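Here it is, the structure in full.
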Amino acid sequence: MVFAECSRNPTNGRRGCNQLVLISCWRTVMSLFGTSAGFGSGTTGVFGSNAADTHNPMKDVEVTSPPDDSISCLSFSPPTMPGNFLIGGSWANDVRCWEVQDNGQTVPKAQQMHTGPVLDICWSDDGSKVFTASCDKTAKMWDLNSNQAIQMAQHDAPIRTIHWIKAPNYNCVMTGSWDKTLKFWDTRSANPMMSLQMPERCYCADVVYPMAVVATAERGLIVYQLENQPSEFRRLESPLKHQHRCVAIFKDKQSKPTGFALGSIEGRVAIHYINPPNPAKDNFTFKCHRSNGTNTTTPQDIFAVNAISFHPVHGTLATVGSDGRFSFWDKDARTKLKTSEQLDQPITACCFNHNGNIFAYSSSYDWSKGHEYYNPQKKNYIFLRNAAEELKPRNKK
């Protein structure tokens, strides 16, 4: 299972707070997330209460009103929108939207509900819509201007992934499900434009036009090409020996998708190029999210890699894991840039904003140790970190 979670009664949470206003007046203030790392004048409570606090050891900004259950996915608004808006989906069946202001303060804006846990979310390229995928076997389109959400996709099993595709000749939403199908939807129609059969259940996926990568159960790996119309391009033998957990496409210097990073439940990430000049040399794997780093003389606790995200400017990457740490990596120099202190809960999701200045990550239980480690009293958190400097690539010697 991708998530082992006991079923809960859906909550009929409030349908939303303020309507999200997309166009607003943006004042130039000393920017918390700009190039100046001015963490100065945060209000009380933004940075956690004291130094011994293990829920926020990195002293990062806490997002106001986080979800009431484990956070499954995070995504920042596209560069076409003014400002920064963050959406997050959770096992409390809800999707929430916050405005992230320049000073680091977060303002809850709106909320929508499914009737089952939300597993994935994405934005339309113009930022006017958010698409949500749920265990209730539906996907919804949330119009942020009207704050209305309507069902726009249906599968025979939970929908694990959802991605917006903007091609020169078509726009659509791609959904990947545990019913072993990949479907492509015109948002104006109740029926899919196309349905592609997969050998197994979809566990994770990523899209950077004109490429999509889907990782399935039983360590399946399929690359799709999206030009003209979506079609299967190649099936790959997995570079990893354990269950796939997360995948993220990376680009070359010309901003074209050229490969992907694949994370597994066994504390390991594979960097895989689609058409490398020298496959044996260019493709590699590295260990991460393990208890005692490179020390191999003592037994290691090995944790799942829960999410991978590439920095939109530098091309470096972040991984987050069940060990409660995030790490930053330079794949080209094959080196680690930074590892966080350990949080008191797993980190379940992460993402960068459009210019790479903000790194968002969520802290909540991921059920990696089963129900006996679940503590319903424990709060869930989303943190924001200034990522402008820490993700810069290592200088070439």
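Each value in this text was obtained by applying a stated rule to the coordinates, not by laboratory testing. Keep in mind it's a predicted model, so treat the numbers as computed, not measured. Positions of Cβ are generated from backbone atoms using ideal geometry, with glycine treated the same way; all protein chains shown enter the neighbour counts.
Along the positive direction of the dipole of the chain (beta-carbon charges: Lys, Arg +1; Asp, Glu -1; about the Cα centre), which of Val173, Ser363, Phe284 reaches farthest?
Phe284
Past the 29 Å Cα-Cα mark, which pairs from Lys59/Lys140; Lys180/Lys331; Lys166/Lys281; Lys253/Lys336; Lys251/Lys287; Lys336/Lys378?
Among Lys59/Lys140; Lys180/Lys331; Lys166/Lys281; Lys253/Lys336; Lys251/Lys287; Lys336/Lys378, the Cα-Cα distance tops 29 Å for Lys59/Lys140; Lys180/Lys331; Lys166/Lys281; Lys336/Lys378.
Let me check against my output: what whole-number percent is the relative contact order of region 354-397, with C-alpha pairs under 8 Å and at least 6 apart? Intermediate values should be presented prior to the final figure.
Numbers: 35 pairs, mean separation 22.3, N = 44.
Value for region 354-397: 51 percent.
Run the numbers on region 80-232 and let me know its relative contact order in percent, using alpha-carbon pairs under 8 Å that are six or more apart.
Relative contact order here is 12 percent.
Here is a follow-up. Could you please state, rounded to a whole Å, how far the C-alpha centre of region 117-140 is from the C-alpha centre of region 352-368?
Value for the Cα centre distance between the two parts: 17 Å.
Separate question: Using label points projected 7 Å from each Cα along Cα→Cβ, tell me how many nm separate Lys338 and Ile150, to one decimal.
Once both label points are built, they end up 4.4 nm from each other.
Can you work out the PRE-style zone for Asn292? Point 7 Å along Cα to Cβ, and I want the residues of region 353-385 with backbone N under 20 Å.
Zone members listed by number: none at all.
Same structure, new question: Compute the distance in nm between two label points, each set 7 Å from the Cα along the Cα-to-Cβ direction, one at Glu227 and one at Tyr373.
4.5
Using helices alone, what [θ] at 222 nm do you get for the chain, with -39,500 (n - 2.57) per DSSP H run of 4 or more residues, divided over all residues and rounded to the nearest 500?
Mean residue ellipticity at 222 nm (helix-derived): 0 deg cm²/dmol.
Place the peptides 202-210, 164-172 in order of packing, highest mean first, counting for every residue the other Cβ atoms within 10 Å and averaging per peptide.
For the peptides 202-210, 164-172, the packing ranking is 202-210, 164-172.
Something else about it: Normalised radius of gyration for the chain, please: alpha carbon Rg relative to 2.2 N^0.38 Å, two decimal places.
0.93
Another one. So if each residue of separation counts as 0.36 nm, and I subtract the Cα-Cα distance between Thr115 and Asp282, what length gain in nm does that give?
Result: 55.7 nm gained on full extension.
Let me ask something additional. Would you kindly state how much longer the chain becomes between Lys59 and Leu236 on full extension, computed as 0.36 nm times their sequence separation minus their alpha carbon distance, in nm to one decimal?
The Lys59-Leu236 span can extend by a further 59.6 nm.
Still on this structure, please answer the following. In percent, what relative contact order does the chain have, based on Cα pairs under 8 Å that are 6 or more apart in sequence?
13
Here is a further query. Given the Cα-Cα distance of Lys166 and Glu200 and 0.36 nm per residue of separation, how much length would full extension add, in nm?
This chain segment gains 9.6 nm when fully extended.
Moving to a separate point now. State the antiparallel share, in %, of DSSP beta bridges confined to the chain, rounding to the nearest 5.
100
In nm, give the distance between the simple-model label positions of Asn355 and Asp143, each being 7 Å from the Cα along the Cα-to-Cβ direction.
Once both label points are built, they end up 3.1 nm from each other.
Over the Cα atoms of region 240-321, compute the convex hull volume and normalise it per residue, giving Å³. Present the calculation step by step, with values, prior to reporting the outcome.
On the way: hull volume 8.6 nm³, N = 82.
In region 240-321, the Cα convex hull volume per residue is 104 Å³.
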